[in-house]
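Peer 1: My structure is below; once you've seen it, I'll send some questions.
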Protein chains: 2
Amino acid sequence: MNESQLVRGLGEQIVERLREDIFSGRIAEGQRLREIDLAKRFDVSRGPIREAIQQLAWEGIVNTDRNKGALVATSAPDEITELIIPLRCTTEKYAIRLFFDTLTEADFLLWENILDKMKQACEAKDFALISEHDIAFHRALVKRSHSPDLLAIWSSIVSRVRRHFRESHLNYKNPIQIYEEHLPIIDALKSKSMAQALQVIEDHIE
Amino acid sequence: MNESQLVRGLGEQIVERLREDIFSGRIAEGQRLREIDLAKRFDVSRGPIREAIQQLAWEGIVNTDRNKGALVATSAPDEITELIIPLRCTTEKYAIRLFFDTLTEADFLLWENILDKMKQACEAKDFALISEHDIAFHRALVKRSHSPDLLAIWSSIVSRVRRHFRESHLNYKNPIQIYEEHLPIIDALKSKSMAQALQVIEDHIE
DNA sequence: TGACAACCGATTGTTAACAATTTACAACAG
DNA sequence: CTGTTGTAAATTGTTAACAATCGGTTGTCA
């Protein structure tokens with residue numbers, strides 16, 4: 001998976017901008033997305049716009065009806081969270097089992113680096129950044145398994161519910177708690193007890 | 001949600017045809033998908049083809065590189081099966097819980113229709129077709145939940161292990177058993193006992 | 001011979017025009 | 001007044017042409 005992605009297609013860039021607009025509330029829930037409007041706004045043709053909308057639809061951020069266009073989805077988080085929790089538990093615990101015996105200091109450095117950035121975001125109360133780093137941290141965990149398939153499966157689960165990450169973060173009065181809740185994971189991974197690490201990740205996800 | 005879907009876009013139809021081709025093995029792993037070839041084959045322009053490929057990429061059925069097109073993804077290695085079983089259990093049981101109380105005769109008709117085709121494939125010992133219908137059956141189950149989130153997640157999980165469907169089928173001396181093992185699922189769904197249905201699907205997946 | 005750069009064909013990315021469908025609204029009949 | 005039907009505008013679906021990019025090939029030079 002190409003991390004840097006120096007040059008990206010118009011569609012991908014538009015996806016990111018729209019996703020950020022929707023998550024930040026600049027584009028409201030239920031609002032209709034018209035291809036021509038977006039094409040004018042981004043100064044591209046409707047091709048990349050349609051590409052972006054299709055992707056957002058797959059992520060569950062907008063709903064599309066044939067010949068009727070796209071509406072920004074209203075969040076219905078609760079039921080699906082119930083599904084996501086066991087799925088994440090299964091995949092992330094599986095990842096930990098794969099890599100636990102081969103951990104090195106460099107791994108902890110990498111993860112702690114991400115958590116540092118998350119801490120700064122928490123202090124700045126920048127919820128968009130907090131979510132990004134939260135996802136990045138767990139992605140880095142799964143990636144450490146060195147299994148592209150595992151990473152791909154995990155990604156498809158999480159990106160589908162990126163919005164729920166964000167919404168659950170908004171429930172924290174003091175965002176620094178989000179950061180603090182990640183520290184035990186690192187500790188447990190350092191502890192040399194796989195059973196304990198599996199338990200901690202399970203508690204964390206729930 | 002439009003149940004019948006009488007009229008669907010070209011892109012959606014092409015997604016289904018390509019998915020069937022790949023799940024059955026008619027299009028091999030690693031094979032390159034050229035937009036122009038597909039456009040000629042389906043007698044449409046490249047627009048709907050690109051739409052279909054993007055969707056297949058999201059489901060994990062093909063891998064795309066910018067400016068380099070799409071390759072049919074290679075199925076995950078055997079170890080992953082260990083992970084997939086609990087993931088499928090979780091998602092398919094979740095789906096059954098969602099729809100169990102609203103089942104109608106039409107649902108059973110649809111599913112039995114797929115199983116009929118599977119039966120014919122079993123009698124013909126056509127393992128490619130057996131796999132295709134096996135996956136199609138489970139997909140139809142999950143789709144019945146009417147939850148796009150659930151279907152999206154399930155799709156991306158199963159697409160990565162499609163080869164294991166075929167390989168596990170090859171272990172059967174008498175392929176008709178594959179068909180017969182699906183009948184208890186229908187029976188349990190008809191039985192009005194959700195707990196029993198959940199147990200049956202769990203036993204079936206393992 | 002081997003490295004390297006400039007081309008060329010093939011393929012994907014993007015655009016703009018055209019076709020089909022939906023929606024809103026107005027005219028009309030009962 | 002209510003419901004229906006026809007029409008036009010707005011919007012999405014599809015197409016085909018054009019632009020940009022990639023990979024291999026060929027030719028040059030050390």
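Peer 1: Criterion first (more than 16 Å from DNA strand D (Cβ to nearest atom) and either closer than 21 Å to B:Leu151 by Cα or touching a strand residue (DSSP E or B) at 6+ places or on another chain (Cβ under 9 Å) (or both)) does A:Val158 satisfy it? Explain how you work it out, then say what you get.
Peer 2: On the way: more than 16 Å from DNA strand D (Cβ to nearest atom): yes; either closer than 21 Å to B:Leu151 by Cα or touching a strand residue (DSSP E or B) at 6+ places or on another chain (Cβ under 9 Å) (or both): yes.
When the stated conditions are applied, A:Val158 passes them.
Peer 1: Something else now. Can you find even one residue in region A:51-66 that is within 19 Å of A:Ser159 (Cβ to Cβ), touching a residue at least 12 places away in the same chain (Cβ under 8 Å), near DNA strand C (Cβ under 8 Å from one of its atoms) and not assigned by TED's automatic domain parsing to the domain that holds A:Arg162?
Peer 2: The answer is yes; a qualifying residue exists.
Peer 1: Hey, among the residues in region B:67-98 that are within 15 Å of DNA strand C (Cβ to nearest atom) and open to solvent by 10 Å² or more (accessible area, probe 1.4 Å), which one's farthest from B:Val158 (Cα to Cα)?
Peer 2: Top of the filtered list is B:Asn67.
Peer 1: Inspect all residues belonging to region A:24-34 and state whether any of them is within 13 Å of DNA strand C (Cβ to nearest atom) and surrounded by fewer than 19 Cβ atoms within 10 Å (Cβ to Cβ).
Peer 2: The first filter runs over region A:24-34 and keeps only residues within 13 Å of DNA strand C (Cβ to nearest atom), leaving A:32, A:34.
Filter again for surrounded by fewer than 19 Cβ atoms within 10 Å (Cβ to Cβ), leaving A:32, A:34.
Scanning region A:24-34 turns up at least one residue that is within 13 Å of DNA strand C (Cβ to nearest atom) and surrounded by fewer than 19 Cβ atoms within 10 Å (Cβ to Cβ).
Peer 1: I need the full set of residues from region A:36-57 which are open to solvent by 40 Å² or more (accessible area, probe 1.4 Å) and away from every other protein chain (no Cβ under 13 Å), in order please.
Peer 2: Scanning region A:36-57 gives A:Ile36, A:Asp37, A:Lys40, A:Arg41, A:Asp43.
Peer 1: A follow-up question, please. Report yes if B:Ile14 is within 21 Å of B:Ile135 (Cβ to Cβ), away from DNA strand C (no atom under 11 Å from the Cβ), among the aliphatic types (A, V, I, L, M) and open to solvent by less than 50 Å² (accessible area, probe 1.4 Å), otherwise no.
Peer 2: On the way: within 21 Å of B:Ile135 (Cβ to Cβ): yes; away from DNA strand C (no atom under 11 Å from the Cβ): yes; among the aliphatic types (A, V, I, L, M): yes; open to solvent by less than 50 Å² (accessible area, probe 1.4 Å): yes.
Against the criterion (within 21 Å of B:Ile135 (Cβ to Cβ), away from DNA strand C (no atom under 11 Å from the Cβ), among the aliphatic types (A, V, I, L, M) and open to solvent by less than 50 Å² (accessible area, probe 1.4 Å)), B:Ile14 qualifies.
Peer 1: Among the small types (Gly, Ala, Ser), away from DNA strand D (no atom under 13 Å from the Cβ) and under 16 Å from the mean Cα position of the chain (by Cα): does that describe B:Ala73? Full working, then the answer.
Peer 2: Details: among the small types (Gly, Ala, Ser): yes; away from DNA strand D (no atom under 13 Å from the Cβ): yes; under 16 Å from the mean Cα position of the chain (by Cα): yes.
Against the criterion (among the small types (Gly, Ala, Ser), away from DNA strand D (no atom under 13 Å from the Cβ) and under 16 Å from the mean Cα position of the chain (by Cα)), B:Ala73 qualifies.
Peer 1: Right, here's the next one. Taking the condition of being surrounded by 15 or more Cβ atoms within 10 Å (Cβ to Cβ) and either free of Cβ contacts under 8 Å to residues at least 24 places away in the same chain or under 19 Å from B:Ala95 (Cβ atoms) (or both), how many residues in region B:168-206 meet it?
Peer 2: 15
Peer 1: State whether one or more residues within region B:58-66 are modelled with pLDDT of 95 or more, more than 23 Å from A:Glu59 (Cβ to Cβ) and buried (at least 16 other Cβ atoms within 10 Å of the Cβ).
Peer 2: no
Peer 1: Moving on to the next point. Among the helices (runs of 4 or more DSSP H) confined wholly to region B:144-206, which include 1 or more residues that are more than 14 Å from every other protein chain (Cβ to nearest Cβ) and at pLDDT 95 or above?
Peer 2: Working: elements: B:148-158, B:162-170, B:176-180, B:183-190, B:194-205.
Output list reads B:176-180, B:183-190, B:194-205.
The values are calculated or read from the model by the stated rules, or taken from the named source; none is laboratory data. Keep in mind the model is a prediction, meaning the values are calculated, not measured. As a convention, Cβ positions derive from the backbone with ideal geometry for all residues, glycine included, and neighbour counts pool all protein chains shown. Just the protein is used for accessible areas: all its heavy atoms, side chains included, with ligands, DNA and RNA removed. Shrake-Rupley method; radii C 1.70, N 1.55, O 1.52, S 1.80 Å.
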